[in-house]
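Below you'll find the structure, written out as structure tokens, and then a few comments.
The values are calculated or read from the model by the stated rules, or taken from the named source; none is laboratory data. What you see is a predicted model, and the numbers here were worked out from it, not measured in a lab. Cβ sites come from the backbone with ideal geometry, for glycine too, and all protein chains shown count toward neighbours. Note: accessible area is taken over every heavy atom of the protein model, side chains too, but ligands, DNA and RNA are not part of it. Shrake-Rupley method; radii C 1.70, N 1.55, O 1.52, S 1.80 Å.
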Amino acid sequence: GWGGALLGGAVRAPSLRRGAAGACMMFPDHAGDFKAGDKVKVVASDVIFYHVKPKENPDGFKVPEGTVGTVQSIANVDKQGRPVSPNRPVIVKFDDPKFMAHFEAVELEAQ
């Protein structure tokens, strides 16, 4: 169900995130209506990523506006299954060049 833990016959709600992670969960959803498998186009003109093949792109890699990709997943839980609210939860996979990147919904348009 909802992720509660059964302890001695009583159900305990999952612990809330504290600090910055907890504060982020109070803000609106940055994923919009996108879901895995959706085709999307980048509509933002200033998206730069610094972790894509750093030796080939030491100043970052700029994703060109109009680049089309596929939503791989929505990052809404961490590895332990706890809810998270990342700034850029929409993970998009691109084929040319081949890479994946995180986006906000406002940076993408459905195709």
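From Val71, Val84, grab the single residue that is touching an Asp or Glu at 6+ places or on another chain (Cβ under 6 Å) and either at pLDDT below 85 or open to solvent by 80 Å² or more (accessible area, probe 1.4 Å) (or both). Walk me through it before giving the result.
Numbers: Val71 fails: either at pLDDT below 85 or open to solvent by 80 Å² or more (accessible area, probe 1.4 Å) (or both).
Matching residue, one of Val71, Val84: Val84.
Of the residues making up the stretch 53-61, none is under 14 Å from Ala105 (Cα atoms), out of contact with any strand residue (DSSP E or B) (no Cβ under 7 Å at 6 or more places or on another chain), modelled with pLDDT under 85 and among the charged types (D, E, K, R).
Across the stretch 69-104, the number of residues qualifying as assigned to a strand (DSSP E or B) and in contact (Cβ under 8 Å) with a residue 24 or more places away in the chain comes to 17.
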